[in-house]
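Novice: Below: one structure in structure tokens.
The values are calculated or read from the model by the stated rules, or taken from the named source; none is laboratory data. Note that the structure is a prediction, hence the values are computed from the model and not measured. Counting neighbours? That spans all protein chains shown, and the Cβs are built from the backbone with ideal geometry, glycine included.
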Amino acid sequence: MTEFILRQNSNEKTVNASRQGSEIRVEVDGKTAVFQLVAQNEDGILLERTLSDGTRQQWRLVGHKEGTRRMIWLNGRTHKYERVLPRGGGGASHDASLSATIPAVVADILVSEGDQVQEGDKLILLESMKMIIPIQAPYSGVVTALHCTKGESVQAGIPLIALDEV
């Protein structure tokens with residue numbers, strides 16, 4: 001389970017999310033929703049949820065992230081928010097923003113252990129579906145470990161690099 005805080009305007013919400021196979025569980029403000037991942041491709045993802053009365057709802061989701069800022073298009077509506085990152089105690093080294101969001105191949109590693117980086121610096125380049133996807137530093141810090149090698153196939157959600165805040 002991954003826990004993080006989302007900030008939209010001045011409102012903050014704690015979110016817990018987990019994925020097992022095609023099932024995605026999201027808990028916000030004590031309410032849990034269970035989704036099934038129906039499809040995932042270069043056009044985004046399609047989620048489905050079965051309500052208590054048996055009806056099914058579908059959501060088309062496309063997103064963009066830059067550091068801690070996120071923008072998603074959900075069924076044609078735009079939502080902007082910021083992911084509040086954990087600080088200190090090394091917890092940031094397991095941050096999901098330092099992981100692949102979809103299965104990919106490590107195209108290039110642009111940093112080494114011990115390198116000091118600034119927020120927004122490109123750390124790793126991934127290739128998936130003929131696209132190059134940069135993994136960027138969500139905050140300034142020091143690279144403490146690399147958990148991947150160039151040419152390696154990586155799965156979504158697995159930390160690729162450890163970054164401790166300076």
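Novice: For the subset of segment 144-158 comprising residues that are in a loop (DSSP other than H, G, I, E, B) and at negative phi, which member is surrounded by the most Cβ atoms within 10 Å (Cβ to Cβ)? Steps first, answer last, please.
Specialist: To start, the set of residues in segment 144-158 that are in a loop (DSSP other than H, G, I, E, B) comprises 147-152, 155, 157-158.
Still in the list and also at negative phi: 147-150, 152, 155, 158.
On the way: H147: 14, C148: 20, T149: 9, K150: 11, E152: 12, Q155: 10, I158: 13.
In this case the residue turns out to be C148.
Novice: Tell me which residues, restricted to segment 78-103, are at pLDDT below 80, aliphatic (A, V, I, L, M) and surrounded by 15 or more Cβ atoms within 10 Å (Cβ to Cβ).
Specialist: If the condition is that a residue be at pLDDT below 80, aliphatic (A, V, I, L, M) and surrounded by 15 or more Cβ atoms within 10 Å (Cβ to Cβ), then L85, A92, A96 are the ones that fit.
Novice: Identify the residue in segment 27-77 that is farther than 24 Å from T14 by Cβ and of a type in the set (V, I, T) and, among all such residues, is surrounded by the fewest Cβ atoms within 10 Å (Cβ to Cβ).
Specialist: Checked segment 27-77; the qualifying residue surrounded by the fewest Cβ atoms within 10 Å (Cβ to Cβ) is T55.
Novice: Taking only segment 112-127 into account, find how many residues are within 17 Å of G151 (Cβ to Cβ) and either among the β-branched types (V, I, T) or surrounded by 18 or more Cβ atoms within 10 Å (Cβ to Cβ) (or both).
Specialist: Result for segment 112-127: 3.
Novice: While we're here: So P138 ticks every box in (1) in a loop (DSSP other than H, G, I, E, B); (2) surrounded by fewer than 17 Cβ atoms within 10 Å (Cβ to Cβ) but one. Which box is left unticked?
Specialist: (2)
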